[in-house]
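The values are calculated or read from the model by the stated rules, or taken from the named source; none is laboratory data. The model shown is predicted, which means the values in this text are computed figures rather than measured ones. Glycine also receives a Cβ, built like all others from the backbone with ideal geometry; neighbour counts cover every protein chain displayed. These area figures cover heavy atoms from the full protein model, side chains too; ligands, DNA and RNA do not enter into them. Shrake-Rupley method; radii C 1.70, N 1.55, O 1.52, S 1.80 Å.
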Amino acid sequence: MNEAALYEYVLRMSDDSLILGQRLGEWCGHGPILEEDIAMTNIALDLVGQAISLYDFAVLLEGKDRDHDQLAYLRYENEYKNLLLVEQPNGDFAMTMLRQFFFDAFRLPLFEFLEKSPVEQLAAIAQKSLKETRYHLKHSSEWVIRLGDGTEESHRRAQAAVDHLWRYTHELFYENQHDVELQENGLVPKLSDVQASWMITVQEVLKEATLAIPTNNWKFEGGREGRHSEHMGYILSELQYMQRAYPNMEW
Amino acid sequence: MVDSSQIRNYLNEVSDPEIPVLSVLDLGVIQQIYLDSDQWVIELTPTYSGCPAMQQIESDILLKLNEKGINNARIKHILSPAWTTDWISKEGRKKLLLYGIAPPVDEVDKKTLFADGPRVSCPKCTSENTRMVSLFGSTACKAHYQCRECLEPFDYFKCLK
Ligand SMILES: [Zn+2]
């Protein structure tokens, strides 16, 4: 088994979950309605929980005797391999829901495939997370439809969110030599299969939402290689504050 | 010397901190209990990945066993097979209902999108004329419902499969 490649693969998934969880958590106390405040923070908790399981596995693969907190709190910005998509600011509620929808629609088929991976621990995490992700996708896609096919104002905002975020969705399907190796060894799904499934969901939901898919092919990438947008530094300074200020603290 | 069934009995006294009427056994999160060299291993399947109650449950279990004079126990996490609401015991379902939480109903729905929420009976008046207010309730495992007959707002323990 190619442990270095798998480590990178698992680390990316953990970072995606952690950073999106952190972003969603920013809505705590600021949701447009109480129910949504609770929903977004519940989803944030699921994501952080998934990140813990994934980091635990990454630590094993890395074999350097670190623990999940060290990976989550004590790396530098360029060591995080999350998507640019998940670090984008919450914006308005439409922006948050569209960001969530693009991500959930990617995670669902990814977990469905990974559930059958011969890498046992990864399959177990996928099996567990898949059940939660079904609820996440249901929640985000229903909001995308309600906002897109809602009032003139909500439609305008939802379409603006699609137009803004679309450039970050290409990176969902980033792959390098390591990924190709893992795919050829049958350890992880072919990204093209995940992409096909993602596209079907996106087309189906955006159509129902009367939202248009942008026709430009403008791409923003870099997160997967540790090159982040300006926002990432701000996220990390908040996320890592306690560990940096009080090393090894626990609660 | 205690045996594993005795330990299992002790765990009846450990409840879910969020839903205190349910013991960890009712909840179905306890799997095998066995002796590994000189340590008792309690296998625990988490409900939701991020459920904050799980950590509390773990320390409550160890605390309870300690109270019973067993201080050589540890928790082992089991991720697969993943926990499902099917594992909540019959007894647990009754307790939920009496506590005012509608127990999970079988949702045949495997299609994620555009599916209607399940028909859930009101725990207060048993009417099926209820509506889902929010898919996410006070905790990740619950959805928020309201009864249209008696107007009671209530939690529904979501089906997780
Ligand atoms: Zn009622």
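Among the candidates A:208, A:204, which residue alone is in contact (Cβ under 8 Å) with a residue 12 or more places away in the chain, of a type in the set (Asp, Glu) and more than 17 Å from residue A:13 (Cα to Cα)?
A:208
Residues A:33, A:43: which one is modelled with pLDDT of 95 or more and farther than 19 Å from residue A:79 by Cα?
None of the others qualify; the one that does is A:43.
Determine which member of the set A:210, A:169 is more than 20 Å from residue A:20 (Cβ to Cβ), away from chain B (no Cβ under 14 Å) and touching a helix residue (DSSP H, G or I) at 6+ places or on another chain (Cβ under 6 Å).
Of the residues listed, the single one that is more than 20 Å from residue A:20 (Cβ to Cβ), away from chain B (no Cβ under 14 Å) and touching a helix residue (DSSP H, G or I) at 6+ places or on another chain (Cβ under 6 Å) is A:210.
Do you know which residues across segment B:24-53 are without any contact (Cβ under 8 Å) to a residue 24 or more places away in the chain and either closer than 24 Å to residue B:155 by Cβ or buried (at least 16 other Cβ atoms within 10 Å of the Cβ) (or both)?
B:30, B:49, B:52
Quick grid of which residues meet (1) away from the ligand (no atom under 16 Å from the Cβ); (2) open to solvent by 10 Å² or more (accessible area, probe 1.4 Å); (3) not β-branched (Val, Ile, Thr):
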site	(1), (2), (3)
B:61	yes, no, no
B:75	yes, yes, no
B:80	yes, yes, yes
B:100	no, yes, yes
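When you go through (1) in contact with a His (Cβ under 7 Å, 6 or more places away or on another chain); (2) open to solvent by 10 Å² or more (accessible area, probe 1.4 Å) one by one for residue A:65, which number turns out not to apply?
Failing condition for residue A:65: (1).
Within segment A:100-115, which residues are farther than 14 Å from residue A:25 by Cα and buried (at least 20 other Cβ atoms within 10 Å of the Cβ)?
Correct list: A:101, A:102, A:103, A:104, A:105, A:106, A:107, A:108, A:109, A:110, A:111, A:114.
Quick one: residue A:245 ticks every box in (1) within 23 Å of residue A:78 (Cβ to Cβ); (2) open to solvent by 60 Å² or more (accessible area, probe 1.4 Å); (3) out of contact with any helix residue (DSSP H, G or I) (no Cβ under 9 Å at 6 or more places or on another chain) except a single one, so which number is it?
Condition not satisfied by residue A:245: (2).
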